[in-house]
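All of the numbers you see were taken from the coordinates with simple rules; none came from a lab. Just so you know, these numbers come straight off a predicted model, no measurement behind them. Note that we place each Cβ from the backbone using ideal geometry, even for glycine, and neighbour counts take in every protein chain shown.
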Amino acid sequence: MIKPASIAPPAGVIEGYRYMAPVVERDGEIVRIDAQGVYFQQLNGAVRDEIAAGAKLIKIANVNGQRYIGTGLGVSGVKIEIEGTAGNDLAMLTDGIEIEVFGNAQDGAGNTMSNGRIVVRGDAGDVLGYGMRGGCVYVKGDVGYRVGIHMKAYEKLVPVLVCGGKALDFFGEYMAGGMLVLLGMNTRDERQPIAGGFLGAGMHGGVIYVRGTVEPWQCGAEVGITTASEKHMTELRPVIEDYAAAMGMDAEHILSQPFKRIAPISHRPYAKLYALM
Amino acid sequence: MRQSFIQPEFRVKIDYDKCHKCGRCVQQCGWDVYDFSERPIPHDERCRACHRCVTFCPAHCITIEKNTLAFRDNDNWSTDALKAVWRQAETGGVLLTSMGNPRPYERIFDKLVLDACQVTNPSIDPLREPMELCTYLGRKPDSVEVVSDGNGGFMLADGAGMHHNIKLDTPIVFSPMSYGSVSLGVHRSLAMAAERCGILMNTGEGGLHEDLHPFQDNVIVQVASGRFGVSREYLQRAAAIEIKIGQGAKPGIGGHLPGEKIDREVSATRMIPQGSDAISPAPHHDIYSIEDLRQLIYALKEASGYKPVGVKIAAVHNVAAIASGIVRAGADYIYLDGFRGGTGAAPAVIRDHVGIPLEIAIAVVDQRLREEGIRNQASIVAAGSIRSSADAAKAIALGADVVAIGTATLLALGCHLCQSCHTGRCSWGITTQKPELTRRIDPEWGAERLTNLVNAWSHELQEILGALGVNAVESLRGSRERLRSIGLDESTGLILGVKPAGL
Amino acid sequence: MPHDLDRYYDFKPRNFREESPFKIHGGCGLMGICDESGAPMSGEAPILAMAVQRDRGNGLGGGFAGYGIYPDFPDHFCFHMMYHDLGAKEAAEVILDQHFLIEVAEPIPTRSVKGITGAPLLWRYFMTPHTHMLEEREVSEEDYVVSLVMLLNSQVDGAFVASSGKNMGAFKGVGYPEEIGHYFCLEKYEGHTWVGHNRFPTNTPGWWGGAHPFTLLDWSIVHNGEISSYGINRRYLEQFGYACSLGTDTEVVAYLFDLLLRRHRLPIELACKVLAPPLWSRIDRMPAEKAELMRSLRAVYGPGMLNGPFAIVLGFNGGMVALNDRIKLRPLVAARSGSKVMVASEESAIRTVLPKPDELWTPKAGEPVIARIKGVQSPLSPIEASRAVITAEMAYTAEEVMV
């Protein structure tokens, strides 16, 4: 492993993070890590070491902005609990891990994720679930811009992303597969519309469910908005039930309002745009 | 149906006296040029001049001619410009084309010449003396720390020395070409040849097919904006990881894979619906500034166990500053793609008018990194129409560590540069997914042809080095003193740091 | 005919101001904090917020600006100067002396920090313009100072004005922001508003003036992103007498704010609409009167629009404004805790200073976060605006949109 090359600040200067291993307490299969001021390389190294040593539950306290937690892991039966603000690219490129964040997640959570279960009991930032290929991400509150871009699915590998609050522009841009759900319920801004503009722009696969109203001008030209039928609701129900259980919400209450279903009109939205020379 | 104004570009001429009437031409053509009724009857307007029928006709009785119609002389409106307007009026579409920029911009490599030693400094015999081409790709430290080994000798200090560099037997690698834009047979040929030659091939942005898993130590995997095929396993199978930011043929815009080329297998590897167009977005949606690139580089390092991560960019105006930022963001190598680089499909207007020449890009990037004292922190891979070992030698002299070849490899597999890759009907089986065509590339045969090409160029490089009086390629690397220009304008000469012949 | 062979060789001599024109700016991290009650905060707070964003920079630029830090000289213009050498200092001081009554001239206090090398001479001057010269030229104090700043930056080789406002100062250089903060002993200053920045430049390092914030009068700008419209923004500003001599794109942001807010007296909300205007499709959906206003702004100030990803924080004596581009391609998080308003590129930075804020949110694209110091007169909008009013005025509400 390449050592971080002299990046620590000189003595006396305020340090954002220290480049030393965190304090770890082991209690059988449960491990507690204090991430207070620990740099991401050392923190994630410690997490990987503990998993390799057999830990099943890792509780990380005092997280503030450390990046890449859970990145590149591919294990089952292991859970990481994060207390604090998870830094950028949480659970990026993972192929199996369960993570629960008691706080907010910053940008890029679930980026290019293949498998895993991420539950954020707060808000999440921009670029959530970019290129997601499997697994599920549940966010309790609001999310930012460019959420769920180019999600993909193939046969059994279907990513699911559920946001309990509202989203901003470019939700589901260029979606190729998977399921995006936007509930608009746990939001801080009641007056804001549930989603911004350019919803589903370039969508050519997958499906977006929105609990509430979505106006045609908000969506890209490649999608059609319909009211979710009973058949669609049977597809949606298990996802909502799982989400509600994870968040401690009432699934029936969530399902009591009608949902809009946004899906691509064509799987080749740009067919007419190009001419062959 | 309305008549097209555009006349056929080529005329297929068959000498019927010699024709065997075997029907081979009908079967070989990917564009259904031939009907057969007693003898082959060509539809000239469909011919792409790929020469597959010419090559495989047992009687050698087919030839392809240009259909030259007389136009009133007009230096301003070329026939290409006329045809483009007619085609756009017909279709309302963005004109798509393939392969590299064919326009008559200055070819700087052709105005550079190499030195040779005589009398005062002897040349070296390349056939019998050692001539070292071995090159290490990756980040190198500023210096080497040693400690005493306790026995009166020395050894590397803990953590000193090189980490994660990749050894190449010759300074040539294969350019990224995605599975989807080229057929699986091409990918397999490249992988096998890379293993045999001790170099690397690159998956391009279409993911890594399982047939290539045995060759994973010679494969660079690419992470492009569409994130096709990018999973943890993908990263862990690679020798190195490359973030594709841009491509010389289409700087600033994303990848195009027309739906015709997304068959079941491609759909599975890329995880997008069959038949849909795979138009990769131009930017990575999580890279909108240099610190975001750094974030992605370290995310990939964390996910792969700190393998080398390189960044591929197109050569554009401020390529030197971009390269400097990329190196400081933690990249282990930079792949520079000049404006002559090839592509499976790109809008013609971007391919032909956007980007700068590779020669200039290499020179300014190498210079800028040296000025900042960070040249050792990343290797430079240069690509974009490297047509011969001479181009490779000149690129290395300008400052590149390694050259990458793309078009040349496809030519080795039979390509005739007919610029029709985007139609997905390549008669040679190279840039198509149709099974009846792709079976024409036998990976063993392809690997042998590619190995031949790389070996031939390596030997030629050794001849050039011998003539230059050096026996190791690192003595040519960045040594612009060994180049002179002929007929090149002064400002370009200054930018390249190459003196005019005579000085 | 002799040939100048040196020109063909690699290492040409470089002039000390090593930013070349039109270079890439490179991205970064930033923060801004403002206590609307005017209560002072130590410089430690902004340093803490920048230290945790260390990975957003590369150690080649860091800086801060503080407001209300010179309570002993509230009405004097304070110039923070950087000099390459004594010759530059002498030349600059001649000009300063000619144009200003210099009350105090002293070196800016610093401490030695390992890793911070190559510092220029750093001096500060507390001054007032000579009244007779003001009368002669018939210009306002501010225009006078602006013309002097332009003169010093472009004409005096080796001298650079880091800041030129009243009761504020910019502290910046080559190093990580926490190192720069330590170097300038910022923990000893107290101000009601601070902005900070971590730079990731892509040019030859060495020029301290290239770090952020860029300032003019008491406007200071920290900027994350790149301005792809720089070419035309610069030419537009040059029409109005601003000399864009610093070769970095952030410069135009500072001058644009000066033009729009001070000279054209646009309300801050509308100045932000000039820099990050709504899309035409959105304007078409607005009520007629507002649409008319937006159209005029866009048509008149088109060359002043900032294109490209950006997050900007503007500090000034009356408070702070944070703005991002109209499709929000750079991160920006805002929070409010009591009377303190804070913005940063990452939530973690906010939490080092305000661990449990009353509110924390993502500002919308093109919509400013505005903090105002109570009771301070400023040449800005007469509307005593709070965030709630701004949101109501400019919000993207469903009702409005359906019109």
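Under a Gaussian network description of chain A, with springs only between Cα atoms under 10 Å, the residue in A:194, A:265, A:208 that fluctuates furthest is A:265.
Quickly estimate the mean residue ellipticity at 222 nm for the protein assembly as shown, helices only: each DSSP H run with n ≥ 4 gives -39500 (n - 2.57), and the total goes over all residues, rounded to 500. Working shown, then result.
On the way: 31 runs with 298 residues, N = 1183.
Using -39500 (n - 2.57) per qualifying helix, the result is -7500 deg cm²/dmol.
Counting charges near residue B:176 (Lys, Arg +1; Asp, Glu -1) among other residues having Cβ under 13 Å from its Cβ returns a value of -1.
Between the helical axis of B:358-371 and the longest alpha-carbon principal axis of chain B there is an angle of about 20 degrees.
The alpha carbon centroids of the stretch B:281-319 and the stretch B:161-210 are separated by 20 Å.
Anyone know which of A:246, A:124, A:91 comes out most mobile in the 10 Å Cα GNM of chain A? Ranking A:246, A:124, A:91 by mean-square fluctuation puts A:246 first.
How would you classify the stretch C:325-381 from its alpha-carbon gyration tensor, with a ≥ b ≥ c the square roots of the eigenvalues: rounded for a/c under 1.5, else prolate if a/b is greater than b/c, otherwise oblate? Verdict is oblate for the stretch C:325-381.
With charges set only on the Cβ (+1 for Lys and Arg, -1 for Asp and Glu), what does the dipole of the stretch A:123-267 come to about its Cα centre, in debye to the nearest 20?
Working: 13 positive and 16 negative charges, 40 e Å.
That gives the stretch A:123-267 a dipole magnitude of about 200 debye.
Fewest-first ordering of C:160, B:36 by other beta carbons within 10 Å of each residue's beta carbon gives B:36, C:160. Magnitude of the charge dipole for the protein assembly as shown, about its Cα centre and with charges confined to Cβ atoms of Lys, Arg (+1) and Asp, Glu (-1), is about 2700 debye.
Each Lys and Arg adds +1 at its Cβ and each Asp and Glu adds -1 at its Cβ; summed about the Cα centre, chain B shows a dipole of about 1020 debye. The lysines whose alpha-carbon is closer than 22 Å to the alpha-carbon of residue B:18, local same-chain residues fewer than 8 away aside, are B:66.
Net charge around residue C:190, counting only other residues with Cβ within less than 11 Å of its Cβ (Lys, Arg = +1; Asp, Glu = -1)?
Details: positive: C:188; negative: C:35, C:44, C:187.
After counting each charged neighbour, the total is -2.
Bridges between two residues of chain B, per DSSP, are antiparallel at a rate of about 40%.
Shielding of peptide A:192-201 by partners, expressed as the average count of other chain Cβ atoms within 10 Å per residue Cβ, is 3. Remark: mean inter-chain Cβ contacts per residue of C:217-226 equal 1, using a 10 Å Cβ-Cβ cutoff to other protein chain atoms. Candidate cross-link partners of residue B:21 among the aspartates and glutamates, defined by an alpha-carbon separation under 20 Å and a same-chain spacing of 8 or more, comprise B:32, B:35, B:38, B:44. For the peptide B:301-307, the mean number of other protein chain Cβ atoms found within 10 angstrom of a residue's Cβ is 6. Helix A:40-52 and the longest principal axis of the Cα set of chain A meet at an angle near 90°.
Distance cut-off 21 Å, Cα to Cα: go down the list A:140/C:356; B:250/B:434; A:272/B:261; B:167/B:307; C:290/C:364; C:89/C:114 and report the pairs above it. Don't skip to the end; give the middle numbers.
Numbers: A:140/C:356 19 Å; B:250/B:434 26 Å; A:272/B:261 16 Å; B:167/B:307 14 Å; C:290/C:364 19 Å; C:89/C:114 26 Å.
Check vs 21 Å cut-off fails for B:250/B:434; C:89/C:114.
Computed packing ranks the peptides B:160-169, C:338-347, C:32-41 as C:338-347, C:32-41, B:160-169, most packed first, by mean other Cβ atoms within 10 Å. Does the stretch A:123-267 come out rounded, prolate or oblate, given a ≥ b ≥ c as the square roots of the eigenvalues of its C-alpha gyration tensor, rounded meaning a/c under 1.5 and, failing that, prolate meaning a/b above b/c? It is rounded, given that a/c, with a ≥ b ≥ c, falls under 1.5. Distance from the alpha carbon centroid of the stretch A:21-65 to that of the stretch A:221-259 works out to 36 angstrom. Considering only beta bridges that DSSP places wholly inside the protein assembly as shown, some 60 percent are antiparallel.
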